[in-house]
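S.K.: Please find one structure pasted underneath; my questions will follow.
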Amino acid sequence: LVVAGHVIFGGWLPQHVLSYPVAYLFVPALLWTAFRLGPRETSAASLILAGFAIWGTLNGRGPFVARPPSEALLLLQTFMITTGVIAMALAALIEERRRVEASRDQLAAIVASSTDAIIGKRLDGTIVSWNAAAERLFGYPANEVLGTTNPSVVPLGRDFEARNLMARLEQGERVEPFETVH
């Protein structure tokens, strides 16, 4: 970020090169900050970028100085808002995704370590999850039942229960715990 700041706004490049869109050399640095570090660090990087940009523009350096000072600062402000908002939105999105993944991993660990058989099914009856307790209870390893609609997990004469449960779930109803025979 500091090197890019000096290259773009510190006078390290000849002025004729600045007619190209070199201001966007900051974008990879901001994106890296958003992906690797988080929202707080991304806002700090945007602040550093703003400091370099304002200093350089006021001292006649950078891609925005070919215009009158008020217009140059207005263009700089637009550039800073655009890059800052995009970087912050991306950082917030990535942070939320990390939280969701951590929550999912925690829930998966709870299901995997449960002593109760926990079977996840889609509304069409396809089995999508099968924990170790389900393997012990039904005798099928997970790799044999995942992706199937294995009818042997429903006892003979009890298939009406599964149909009723699935119908209630399709209607958006909540199914309370109940006991059945297996």
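S.K.: Would you mind stating whether R168 is over 23 Å from R104 (Cα atoms) and open to solvent by 50 Å² or more (accessible area, probe 1.4 Å)?
M.R.: Numbers: over 23 Å from R104 (Cα atoms): yes; open to solvent by 50 Å² or more (accessible area, probe 1.4 Å): yes.
Yes: the conditions hold for R168.
S.K.: List every residue pair whose Cβ atoms lie under 6 Å apart, where the two residues are 6 or more positions apart in sequence or sit on different chains, the first residue falls within the range 44-67 and is over 16 Å from F26 (Cα atoms), and the second residue, located anywhere, is aliphatic (A, V, I, L, M) and at pLDDT 80 or above.
M.R.: Final answer for the pair search is V65/A72.
S.K.: Do we find a residue being modelled with pLDDT of 85 or more, of a type in the set (D, E, K, R) and open to solvent by 20 Å² or more (accessible area, probe 1.4 Å) anywhere in the range 46-69?
M.R.: no
S.K.: Going through the range 115-132 one residue at a time, which ones are farther than 23 Å from R168 by Cα, open to solvent by less than 70 Å² (accessible area, probe 1.4 Å) and more than 28 Å from the chain's Cα centre (by Cα)?
M.R.: A132
S.K.: Within the bounds of the range 86-107, is there any residue that is within 18 Å of L1 (Cβ to Cβ) and either open to solvent by 90 Å² or more (accessible area, probe 1.4 Å) or modelled with pLDDT under 85 (or both)?
M.R.: Looking through the range 86-107, at least one residue is within 18 Å of L1 (Cβ to Cβ) and either open to solvent by 90 Å² or more (accessible area, probe 1.4 Å) or modelled with pLDDT under 85 (or both).
S.K.: Taking the condition open to solvent by 40 Å² or more (accessible area, probe 1.4 Å) and free of Cβ contacts under 8 Å to residues at least 12 places away in the same chain, does R174 pass? Steps first, answer last, please.
M.R.: Values: open to solvent by 40 Å² or more (accessible area, probe 1.4 Å): yes; free of Cβ contacts under 8 Å to residues at least 12 places away in the same chain: yes.
Yes; evaluated as a whole, the condition is true for this residue.
S.K.: Sticking with this structure for a sec: Of these, E95, E135, E144, which one is part of a helix (DSSP H, G or I) and within 23 Å of the chain's Cα centre (by Cα)? Can you show your working first?
M.R.: Values: E135 fails: within 23 Å of the chain's Cα centre (by Cα); E144 fails: within 23 Å of the chain's Cα centre (by Cα).
Criteria check complete, one pass: E95.
S.K.: Please work out if I110 is farther than 30 Å from A53 by Cβ and either hydrophobic (A, V, I, L, M, F, W, C) or touching a Lys or Arg at 6+ places or on another chain (Cβ under 8 Å) (or both).
M.R.: Numbers: farther than 30 Å from A53 by Cβ: yes; either hydrophobic (A, V, I, L, M, F, W, C) or touching a Lys or Arg at 6+ places or on another chain (Cβ under 8 Å) (or both): yes.
Yes; evaluated as a whole, the condition is true for this residue.
S.K.: Give the residues of the range 28-37 that are buried (at least 16 other Cβ atoms within 10 Å of the Cβ) and either polar (S, T, N, Q) or modelled with pLDDT under 90 (or both), sorted by residue number. Break it down into steps so the answer makes sense when it comes.
M.R.: First, the residues of the range 28-37 that are buried (at least 16 other Cβ atoms within 10 Å of the Cβ): 29-31, 33-34.
Hits for the range 28-37 are A29, L30, L31, T33.
S.K.: Quick check on the range 79-97. Is at least one of its residues out of contact with any strand residue (DSSP E or B) (no Cβ under 7 Å at 6 or more places or on another chain), closer than 30 Å to A132 by Cβ and not small (G, A, S)? Walk me through it before giving the result.
M.R.: Filtering the range 79-97 for residues out of contact with any strand residue (DSSP E or B) (no Cβ under 7 Å at 6 or more places or on another chain) gives 79-97.
Next, from what is left, pick out any that are closer than 30 Å to A132 by Cβ: 97.
Then drop every residue that is not not small (G, A, S), which leaves 97.
So far as the range 79-97 goes, yes, one or more of its residues are out of contact with any strand residue (DSSP E or B) (no Cβ under 7 Å at 6 or more places or on another chain), closer than 30 Å to A132 by Cβ and not small (G, A, S).
S.K.: Among the residues of the range 149-160, count how many are part of a loop (DSSP other than H, G, I, E, B), over 16 Å from A117 (Cβ atoms) and open to solvent by less than 100 Å² (accessible area, probe 1.4 Å).
M.R.: So the count comes out to 2.
S.K.: Continuing with this model, one more query. In this structure, does R163 turn out to be part of a helix (DSSP H, G or I) and either under 30 Å from L47 (Cα atoms) or among the polar types (S, T, N, Q) (or both)?
M.R.: Numbers: part of a helix (DSSP H, G or I): yes; either under 30 Å from L47 (Cα atoms) or among the polar types (S, T, N, Q) (or both): no.
No: the conditions fail for R163.
The values are calculated or read from the model by the stated rules, or taken from the named source; none is laboratory data. All values reported here derive from a predicted model rather than from experimental measurement. Every residue, glycine among them, receives a Cβ derived from its backbone with ideal geometry; neighbour counts consider all protein chains shown. Only protein heavy atoms, including side chains, enter the accessible area calculation; ligands, DNA and RNA are left aside. Shrake-Rupley method; radii C 1.70, N 1.55, O 1.52, S 1.80 Å.
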